[in-house]
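The values are calculated or read from the model by the stated rules, or taken from the named source; none is laboratory data. The structure displayed is predicted, hence computed values, not measured ones. Neighbour counts are summed over all protein chains in view; Cβ atoms, including those assigned to glycine, are modelled from backbone coordinates with ideal geometry. When the accessible area is computed, the model is the full protein with side chains, heavy atoms only, and any ligands, DNA or RNA have been set aside. Shrake-Rupley method; radii C 1.70, N 1.55, O 1.52, S 1.80 Å.
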Amino acid sequence: MQGNNIMAQIIKKLFVLTLIVVAIFSFAACSSRNLSANPTAYYIIYSGTNNGNSRIEGVDIDGNPTILKDISATNISKSMLAGEQFIAGGHRANNHLIMQQDGSFEEFYLLDNPQYSGVWNIALNGENIVAVMNGNIDYEKNVYLNLLVIQDINKNLYLEKQIEITPNTLFIDGDTLYLSGCFWRYDIDPVYCGASVAKYNIITGEWQEKHFQYNANQVTATDYIYSTKYGKYLYAVVNESLTDKNLSTRQTKVDIIDCDTLDIVDTIHFNKNVNGICCVGENIYVVLADKLYKLDTTTHAVEEVYSFPQDTSIASVHTKDEHIYFNSRYITVRKDKQMRNVGYIIDFNTADKSARQTPLITDAKNTESIVFFPLSKNDLK
């Protein structure tokens, strides 16, 4: 019996020693990344779904780390620039943050319980946070209902409204909140999912929502996957799930929607998938397959202006001043020991059509979700 106790003590000590060695090597691996003294060009937030091994990294224009900070938030995958601030939210978890240009940030959750669901999208309107939280099926109405929430950082609640739209895009222009995405009905077999747009007047509280039908003989579902506002119109990219299971989803149309009536007034057809759309000044830019084009809003002709790195896809886009910033992610992460090469931040200057690539190479544990914050001082001259 005594021999067994001695052996148990030895095993216990060896186990503890092993944990210490692992911790030392893990710390050494992290701390071996020398920090750059150059100005921070971008803040990157890396996160995953199931645990809190998330990371904020500041990087200079060449991708060298300037700041490394671990955070507890998970699944930070929705984000928006708001002037000199940046807001990012968890899709599956009710954890979110607001970040400043100097790298300071504040974490928060919506409503009165951090255990509530995450968000479909999130934005800032002055001091107020505007978000659509994940909802549930309403079996009496046979529709999927989400929750539009407006509150401040101190959890003062100004609006809690059930809405039918599930938004992929949410943005604020003046006093109006615009949303585009899809609408779900459950009293139809198979379940109906159709493209939808909505707007909400933040001052008057007026809500308007419109759902668009599709040809069920050719398409099983439609969704507005991206949208942007140009003048008095929304330009919304249509994602179509086809009835022919041998074909992939189709994303070759852009509906032009009147912002007043929410009616479709025209549709642009392309021969390639539309993987992004944004408005900069008086121009619209579209990503067709793996290239960036400038769109003529009168003739709908396109001019190629940039080709994205090979084997990457566009994960997110921000616009600021005359620049478009893309997170161009490798379709398959490239690993080298503890480091992961996940892609690039690309700064495209619309004024002179120049572009600069900043590589994203990290030892962050989770790179499933990536959002990024371009700083104002990162201008290409």
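A few notes on this one:
- Residues of region 112-131 that turn out to be open to solvent by 10 Å² or more (accessible area, probe 1.4 Å) and part of a loop (DSSP other than H, G, I, E, B), as a count: 8
- Selection from region 176-201 of residues that are under 19 Å from A123 (Cβ atoms) and over 23 Å from the mean Cα position of the chain (by Cα): N201
- Residues being open to solvent by 10 Å² or more (accessible area, probe 1.4 Å), in contact with a strand residue (DSSP E or B) (Cβ under 7 Å, 6 or more places away or on another chain) and of a type in the set (A, V, I, L, M, F, W, C) - total across region 37-70: 3
- Any hit, region 289-297, residues being surrounded by fewer than 19 Cβ atoms within 10 Å (Cβ to Cβ) and farther than 25 Å from D311 by Cβ: yes
- Checklist (1) touching a Ser or Thr at 6+ places or on another chain (Cβ under 7 Å); (2) open to solvent by less than 50 Å² (accessible area, probe 1.4 Å) applied to Y226, failing item: (2)
- Of all residues in region 240-284, those that are in a loop (DSSP other than H, G, I, E, B) and open to solvent by less than 20 Å² (accessible area, probe 1.4 Å) total 2.
- Test: residue in region 176-194 that is under 24 Å from D112 (Cα atoms) and open to solvent by less than 30 Å² (accessible area, probe 1.4 Å): yes
- Of the strands (runs of 3 or more DSSP E) contained entirely in region 318-381, those carrying at least 1 residues that are under 23 Å from K78 (Cα atoms), touching a residue at least 60 places away in the same chain (Cβ under 8 Å) and open to solvent by 30 Å² or more (accessible area, probe 1.4 Å) fall at 354-362.
- Flag if N134 is part of a loop (DSSP other than H, G, I, E, B), out of contact with any helix residue (DSSP H, G or I) (no Cβ under 9 Å at 6 or more places or on another chain) and open to solvent by 10 Å² or more (accessible area, probe 1.4 Å): no
- Selection status of N146, assigned to a strand (DSSP E or B), in contact with a His (Cβ under 9 Å, 6 or more places away or on another chain), within 29 Å of W184 (Cβ to Cβ) and of a type in the set (S, T, N, Q): no
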